[in-house]
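Okay, so here's the structure we're looking at.
The values are calculated or read from the model by the stated rules, or taken from the named source; none is laboratory data. What you see is a predicted model; the values in this text were computed from it and never measured. Ideal geometry is used to build each Cβ from the backbone, glycine not excepted, and the neighbour counts take in all protein chains shown.
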Amino acid sequence: MSTSRPKPSPTRPDPTHSPARGKPDSSNDVLPGLYIVATPIGNARDITLRALDVLRDVDVIACEDTRVTSKLMTLHDIDTPLISYHDHNARRVLPSLIERLKNGERVAQVSDAGTPLIADPGYRLVNACRDANIPVTAIPGASSVTTALVAAGIATDRFTFVGFVPTKAGERTTWLRDVLATPGTIVAFESAKRLPASLKAVASEGPNRDMAVCRELTKRFEEVRRGTAADLAEHYDQAGPPKGEVVLVIGGAALEDVVIDDAVLDAALIEALAQYRVKDAAQAVAESFGVSRKRVYARALQVSKPETE
């Protein structure tokens, strides 16, 4: 006597995941609109499955350099047309992209490496889409900012990305003084050629500041060199400029070192004292500005009558 096996219960598909597939026919999944797609910063395999789906299915890919992007597209067998879109031709190309989007096309925007719009002018296209009520979807992925931050081993609970270090010495010095007053960790881009000069500038302002020089991230010769600003400045002064892409990670200023004018604190304290006691007002303002509570409390005593705690 034979028995039949029970049929397995059907499994409800997860709408948040796409099934594994080769060259997909998922054009219905990518709706009309602009897609900001992150691409690898070095290792070509650091691209998401979702990003590949979008790049295959859109009608056109707007990229900084078609020669750079075409290499990645060839590697992943993607034949979507490419169009050059960068800072120098944006005024001419942007209107045509917006017109295509208004006509219901699907456009992906990529940079040469990493997440678009980070330290590049690509936000103009997103801004134009928002003004025209065109849907914009961000496809997350690789970023040298966050990759350097987590590889450096420096505090990550609060950080500020400040873009590229100024090229001129005078501008760099003024810029660094402002940046180094930031209480959180600082992430900046710098060219390998100018790295020794920038490290000397940081060391002159804060020789004991904890730093990391992150070079060639995700690539074959990736290196993260950690030390004080003075140590790193000395190393690269002797070794000379390294090769490759560089991201600097700089430890934040101590609370006592944060430069906030007393007038700014006083104005905030006057407003806070209208609602709180001196002690509570000082704590609220100190937390708001990221400065030492001791300093703010001293200012609070000067701008108000002493209260009995």
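Considering region 177-200, the residues that are modelled with pLDDT of 90 or more and out of contact with any strand residue (DSSP E or B) (no Cβ under 6 Å at 6 or more places or on another chain) include one that is surrounded by the most Cβ atoms within 10 Å (Cβ to Cβ), namely Leu199. When the residues of region 210-234 are filtered to those that are touching a strand residue (DSSP E or B) at 6+ places or on another chain (Cβ under 6 Å) and crowded, with 19+ Cβ neighbours inside 10 Å, the one that is nearest to Gly170 (Cα to Cα) is Ala229. Can you spot a residue in region 256-272 that is touching an Asp or Glu at 6+ places or on another chain (Cβ under 9 Å), surrounded by 12 or more Cβ atoms within 10 Å (Cβ to Cβ) and either of a type outside the set (A, V, I, L, M) or at pLDDT 85 or above (or both)? Looking through region 256-272, at least one residue is touching an Asp or Glu at 6+ places or on another chain (Cβ under 9 Å), surrounded by 12 or more Cβ atoms within 10 Å (Cβ to Cβ) and either of a type outside the set (A, V, I, L, M) or at pLDDT 85 or above (or both).
Consider Arg172 carefully, then state whether it is modelled with pLDDT under 95 and over 23 Å from Phe289 (Cα atoms). The answer is yes for Arg172. So for region 282-294 (the condition being modelled with pLDDT under 85, surrounded by 15 or more Cβ atoms within 10 Å (Cβ to Cβ) and in contact with a Gly (Cβ under 7 Å, 6 or more places away or on another chain)), does at least one residue qualify? So far as region 282-294 goes, no, none of its residues is modelled with pLDDT under 85, surrounded by 15 or more Cβ atoms within 10 Å (Cβ to Cβ) and in contact with a Gly (Cβ under 7 Å, 6 or more places away or on another chain). Set side by side, the residues Ala108, Ala138, Ala203 differ, and just one is out of contact with any Lys or Arg (no Cβ under 6 Å at 6 or more places or on another chain), assigned to a strand (DSSP E or B), surrounded by 17 or more Cβ atoms within 10 Å (Cβ to Cβ) and not aromatic (Phe, Trp, Tyr), which is Ala108. Assess whether Val246 counts as being at pLDDT 85 or above, assigned by TED's automatic domain parsing to the domain that holds Thr160 and surrounded by 14 or more Cβ atoms within 10 Å (Cβ to Cβ). In short, yes.
Residue selection: Ala62 fails the criterion of being buried (at least 18 other Cβ atoms within 10 Å of the Cβ) and assigned to a helix (DSSP H, G or I).
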